[in-house]
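S.K.: Let me begin by handing over the structure; questions about it come next.
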């Protein structure tokens with residue numbers, strides 16, 4: 001995969017995290033000789049299991065619209081640490097407690113730390129791909145057990 005394409009995918013994942021109000025977003029660019037199996041780690045935190053799941057869901061949805069699907073997802077049911085593996089980069093969505101406990105930034109301290117803005121800004125001459133908009137199907141809701149609505153006079 002081209003480096004520019006990879007950065008665009010990581011940028012889409014970052015934007016998905018930001019849109020779901022992820023906290024403490026951190027990007028680690030892994031060194032070639034470090035033994036890492038991927039190029040980038042994207043780490044972020046959610047405040048509760050539902051938010052952690054929502055962040056992971058949004059990352060998957062954003063990348064799916066561009067034709068990219070994860071190779072593997074772990075930890076979704078528990079919502080403490082969800083790992084979404086895209087082979088060339090891995091998204092780690094943590095609860096605050098799990099992030100402090102595992103402290104991946106310390107474990108991979110030799111990795112280069114990047115700011116989200118370094119990957120989300122447009123590169124010279126590159127055209128940004130926009131994801132197609134998904135239309136939600138709307139169906140009328142049935143009223144159950146409620147009194148009929150009165151017309152206003």
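S.K.: Counting only Cα atoms, I'd like the Rg/Rh figure for segment 3-118, Kirkwood definition for Rh.
M.R.: Values: Rg = 12.9 Å, Rh = 13.9 Å.
Across segment 3-118, the Cα-based Rg/Rh ratio is 0.93.
S.K.: Follow-up question, since we're still on this one. Starting from the Cα gyration tensor of segment 45-87, take the square roots of the eigenvalues, sort them a ≥ b ≥ c, and report rounded, prolate or oblate (rounded when a/c is under 1.5, otherwise prolate if a/b is larger than b/c, else oblate).
M.R.: It comes out oblate by the Cα gyration axes.
S.K.: In what order do 101, 89 fall by count of nearby beta-carbon atoms within 10 Å, going from fewest to most? Mind dumping the intermediate values first?
M.R.: Values: 101 11, 89 22.
Ranked by crowding around the Cβ, least crowded first: 101, 89.
S.K.: So for 88, 19, fewest C-beta neighbours within 10 Å to most, what's the order? Walk me through the numbers before you get to the answer.
M.R.: Details: 88 17, 19 13.
Ranked by crowding around the Cβ, least crowded first: 19, 88.
Where a number appears in this text, it was derived from the coordinates with a stated rule and is not lab data. Since the model is a prediction, treat every value here as computed from it, not as a measurement. When we count neighbours, we look across all protein chains shown, and the Cβ atoms used for this are built from the backbone with ideal geometry, even at glycine.
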